[in-house]
Amino acid sequence: MNSSILVVYRPEAGRYAAQFHSVVAAATDLGVQTVVLLPTGWEAPEAEDLPTYQADLEDTASVRAAVDRIVTEHRIERIFPLFEGDVLSASRCRRDHGIPGLTPDEALNFRDKNVMHRRAEELGIRVARSVRPDTVGAVAEFAEEVGYPVVIKPYAGWACGNTYRVDGREGLDRVWQEMGDDRHEYRVEEFISGTEFHVDSLLQNGEVVFEQLSQYTYSVLEYLDEPGGTISRKHNLSPREQRILDLNGEVLRGFGMRTGVSHAEFFLLDDGDVVFGEAGARAGGGSIVPAIEAGRGINLAGEWCRLELDESHRPAARTGPEVGTEYLSSAKYGRITDISTPEDLTALESVLDADVWKSVGDVLAPPTRSNDVLGWYVCEGADFEDVRARFKTVRDAFHVETVQD
């Protein structure tokens, strides 16, 4: 059998299509076949010329059974889960078949926030104080100790789904009712007030071979009130910002990553201290991958594939100007009657790339996750403030019209 890789791919809303294409292209360049594992009942035109299999991706047993079959028909060298929720099941499949990459013990450092924060503390890295929500009294006592607000979130969630900022006892009681019998799936953290950053990295054999620091322009928890934006910090880093990059490398190696891609989040406090937020063993979500591709000339997922398959490979990233990306959102709900196109946005000065996930006839409802948006755009500028000013220009140019049926 020829060498193959397995890509666990969820072809929803176009969010992972560019990553998928880049991984396939990288493998093809290196003479390696791509095999695709899709969700049950899904089709992916971009994979129609490739061997495809299906499984219930929400059920680890189903995934492992599918991979059991796949490895009898293909010589799988590596497994690439593009989505956060597939990282742990992919690690179990690696263990089943002796495939290099994150083991389940290591993958849990990147998926289970209880494990994640405990491991970071063992590495001597500061994290938010936390408590398990065993009882509402325990949470109330914790909140009185650290001070409101506190954050209640799933220990294995993503994109702020089912994540709550609680500002007082009344809010706690309301959220407690919403959690219901599922409170064992949550954790409670103190609210960290600081500037939020993320680092997108590539590692090979424990060495960071690419890293980009970026600063959020909004609070991730407040996605209902403002569009999600992030701007690169490539030039003239302060010692505090450099400290974030240093800690990022410590976290990833301490979590067990040898070769792979990561998206990690940190808070920079007013006193200069850095607090680790979380880290995922996958490329950044939303429009982070296309923003880095537009600004640095590399696709993180494709580079991950090359690094796994070719030990001599090093990413040939350029530096260039600062680049920012922002989600497209709208306060108008109902059926769309008119909406800006990607071409409308890329015609604007400084806009490098754009994608619109909604079209005329789609129905807009209030978002339930931070990535529940209409699309995104990428633009460039001289520095952080310049890019941020350009965000407003693009935002003002983007229009959506809706009607209530």
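The values are calculated or read from the model by the stated rules, or taken from the named source; none is laboratory data. As the structure is a prediction and not an experimental result, all values here were calculated from the model. Here the Cβ is made from the backbone with ideal geometry for all residues, glycine too, and neighbour counts use every protein chain on show. Surface areas here come from the heavy atoms of the whole protein model, side chains and all, with no ligands, DNA or RNA. Shrake-Rupley method; radii C 1.70, N 1.55, O 1.52, S 1.80 Å.
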Strands (runs of 3 or more DSSP E) wholly in the range 340-404 with at least 2 residues that are surrounded by fewer than 17 Cβ atoms within 10 Å (Cβ to Cβ) and more than 22 Å from the chain's Cα centre (by Cα) - which ones? 400-403
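I want to confirm something. Restricting to the range 61-91 and keeping residues that are among the polar types (S, T, N, Q) and crowded, with 17+ Cβ neighbours inside 10 Å, which single residue is farthest from Gly41 (Cα to Cα)?
Once the filter is applied, the top-ranked residue is Ser91.
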Top-ranked residue of the range 61-104 - restricted to ones that are of a type in the set (A, V, I, L, M) and assigned to a strand (DSSP E or B), ranked as farthest from Gly161 (Cα to Cα): Ile76
When Leu237 is evaluated against the numbered criteria (1) open to solvent by less than 40 Å² (accessible area, probe 1.4 Å); (2) assigned to a loop (DSSP other than H, G, I, E, B), which criterion, by number, is the only one it fails? (1)
Can you tell me which condition Pro11 does not meet? The list is (1) open to solvent by 30 Å² or more (accessible area, probe 1.4 Å); (2) at pLDDT below 95; (3) part of a loop (DSSP other than H, G, I, E, B), and all the others hold. (1)
I need the full set of residues from the range 105-129 which are open to solvent by less than 40 Å² (accessible area, probe 1.4 Å) and assigned to a helix (DSSP H, G or I), in order please. Ala107, Asn109, Phe110, Arg111, Lys113, Met116, His117, Ala120
Some residue of the range 65-73 being over 18 Å from Leu307 (Cα atoms) and among the hydroxyl-bearing types (Ser, Thr, Tyr): yes
Residues of the range 140-150 being surrounded by 14 or more Cβ atoms within 10 Å (Cβ to Cβ) and either modelled with pLDDT under 95 or part of a loop (DSSP other than H, G, I, E, B) (or both), which ones? Tyr148, Pro149
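Residue-wise test of (1) under 20 Å from Ser232 (Cα atoms); (2) of a type in the set (Asp, Glu).
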{"residue": "Asp271", "(1), (2)": "no, yes"}
{"residue": "Arg296", "(1), (2)": "yes, no"}
{"residue": "Pro315", "(1), (2)": "yes, no"}
{"residue": "Ser329", "(1), (2)": "no, no"}
{"residue": "Thr337", "(1), (2)": "no, no"}
Unique residue being assigned to a helix (DSSP H, G or I) and either touching a residue at least 40 places away in the same chain (Cβ under 8 Å) or surrounded by fewer than 17 Cβ atoms within 10 Å (Cβ to Cβ) (or both) when the list is Glu170, Glu189: Glu170
All positions within the range 26-60 that are touching a residue at least 40 places away in the same chain (Cβ under 8 Å), hydrophobic (A, V, I, L, M, F, W, C) and either in a loop (DSSP other than H, G, I, E, B) or open to solvent by 60 Å² or more (accessible area, probe 1.4 Å) (or both): Leu30, Val32, Leu57
Every listed condition ((1) part of a helix (DSSP H, G or I); (2) within 17 Å of Gly302 (Cβ to Cβ)) holds for Ser4 save (1)
Residue hits (the range 297-322; open to solvent by 10 Å² or more (accessible area, probe 1.4 Å) and outside any loop (DSSP other than H, G, I, E, B)) are Glu303, Trp304, Arg306, Glu308, Leu309
